[in-house]
Amino acid sequence: MDAVRQRSLHETAVEQFQRAAELIDVEDRYRQILTHPKNEVIVNFPVQMDNGEWQVFRGYRIQHNNVLGPYKGGIRFHPDVDLDEVKALAAWMTFKCALVGIPLGGAKGGVTIDPNRHSQAELQRIVRRFTHSLGSNIGPDHDIPAPDVGTNSRMMDWIMDTFANLAGPANRHAVKGVVTGKSLVCGGSLGREEATGQGVLYSLRHWCGETGARLDELTIGIQGFGNVGGHFGRLAYEAGCRVLVVGDHTGTIRSEKGFDIPALWDWVGAKGGVAGFADSEFGIDAEDVDSNALFTTPVDVFVPAALENQITSARAGTLECRVILEAANGPTTPDAELILEARGVDVVPDILANAGGVIVSYFEWLQNKSARAWTAEDVDNRLRTTLWDANDQVVCAMKELGCSRREAAYVVALRRLVDVYDRRDIFP
Ligand code: GLU
């Protein structure tokens, strides 16, 4: 029997785009532009390990589109990073920024590496040498990286410091905005760390408003308890939700009553994963379960907050939930999406659900440009109104075109991109 070839992640991204482009008859020349990244930068760079040996790493920076503003998007450190994945992630950044109406384009970077296998000293040398290899391909008005899976504020500080040192003494402060997601003392923004999780919760509140569901009565399942899933879980718990099942790369745990999320938060912070929590003094009602339980435990809301391609056709058939909020990028395969649609499961797509991160990145960049620091309240208010407005527009487009929420999100984004191309036209 012939094996069915799996779509690559970039093919998935193109397919999602084409579906929406069909709905509003986007001209072929724009389709060609938006289904190809503008620039693909691949670098191979040597770094000395703590034991004196040298290792060459491969890094990527894919610049998908900059018609709305400078390229923008995170840098991922993960063993599975490859060109196809980074191309898909870069395209999603273009549509994410366009959808939420911020003047930024789309890009993504990555290094094929398991960051957990390196000391802090090695990671620092890797980050600095990668930044050096990217050279003038990044810059505060050109292409602005940020954290993603496997990277954090510490690494963003190193990128900023390396870039500032290369920029020369007269420019070292002017280039602070070369990267976002920095620590507060290095020019980061209040609210950036939890921004993605906070944004997921705002989209969930919007969905509650649409459907009449009560936020404080919802039960939740979360895949991944890192920066995005962890903050989302904590904020949802504070809003009165009960988190019944959590899975990550170390294990899967379930609680009939709902977890003591502050205790789970501390546990994962100290141990690096959910494994062991159920047997600890804090996991009174928690039990270890098979990883499949994540996709079979009945909940109202399921939040994939890990990697792509997690909700497969098989899992889409067993998920017992009303809505999926895609906190991760690309967690649902196109085939799984059709099954969910047929089963009446609503999907709030990644480019909307997880846009809180890049929105607050934009705020950080604005603060760096103006050498001001906004209050936490200011950041949060602006994040809420930006996301609320984007959710409203998606609902309008859904009603107008009778399409899915993902298609509607792409339509809102595409209209913005196409409007600008129509006015500027294509050089030369
Ligand atoms: N990596 C995040 C994302 O996928 C944030 C990107 C940014 O802040 O530029 O949206």
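The values are calculated or read from the model by the stated rules, or taken from the named source; none is laboratory data. Source: prediction; values computed, not measured. Positions of Cβ are generated from backbone atoms using ideal geometry, with glycine treated the same way; all protein chains shown enter the neighbour counts.
One residue stands out in region 136-150 among those that are assigned to a loop (DSSP other than H, G, I, E, B) and in contact with a Ser or Thr (Cβ under 9 Å, 6 or more places away or on another chain): the one that is farthest from the ligand (Cβ to nearest atom), namely 142. Against the test of being within 19 Å of the chain's Cα centre (by Cα) and more than 11 Å from the ligand (Cβ to nearest atom), the options 133, 153 yield a single qualifying residue, 153. Scanning region 154-167 turns up one or more residues that are within 27 Å of residue 224 (Cα to Cα), charged (D, E, K, R) and either surrounded by 23 or more Cβ atoms within 10 Å (Cβ to Cβ) or at pLDDT 95 or above (or both).
Total residues in region 156-176 satisfying the condition of being away from the ligand (no atom under 16 Å from the Cβ) and either in a helix (DSSP H, G or I) or at positive phi (or both): the figure is 11. Inclusion of residue 225 among residues that are without any contact (Cβ under 8 Å) to a residue 40 or more places away in the chain, buried (at least 20 other Cβ atoms within 10 Å of the Cβ) and closer than 19 Å to residue 295 by Cβ is not warranted. May I ask you to verify whether residue 215 is within 24 Å of residue 392 (Cα to Cα), buried (at least 21 other Cβ atoms within 10 Å of the Cβ) and among the hydrophobic types (A, V, I, L, M, F, W, C)? In short, no. Can you confirm whether region 201-216 contains a residue that is within 15 Å of the ligand (Cβ to nearest atom) and in contact with a Cys (Cβ under 7 Å, 6 or more places away or on another chain)? Scanning region 201-216, I find no residue that is within 15 Å of the ligand (Cβ to nearest atom) and in contact with a Cys (Cβ under 7 Å, 6 or more places away or on another chain), so the answer is no. Taking region 357-377 as the range and being within 14 Å of the ligand (Cβ to nearest atom) and among the small types (Gly, Ala, Ser) as the test, the residues that pass are 357, 361.
In region 1-120, counting only strands (runs of 3 or more DSSP E) that sit wholly within it, the ones holding 1 or more residues that are under 18 Å from the mean Cα position of the chain (by Cα) and touching a residue at least 12 places away in the same chain (Cβ under 8 Å) span 54-65, 75-78, 106-112. Within the bounds of region 185-195, is there any residue that is modelled with pLDDT of 95 or more, part of a loop (DSSP other than H, G, I, E, B), hydroxyl-bearing (Ser, Thr, Tyr) and within 28 Å of residue 381 (Cβ to Cβ)? There is at least one residue in region 185-195 that is modelled with pLDDT of 95 or more, part of a loop (DSSP other than H, G, I, E, B), hydroxyl-bearing (Ser, Thr, Tyr) and within 28 Å of residue 381 (Cβ to Cβ).
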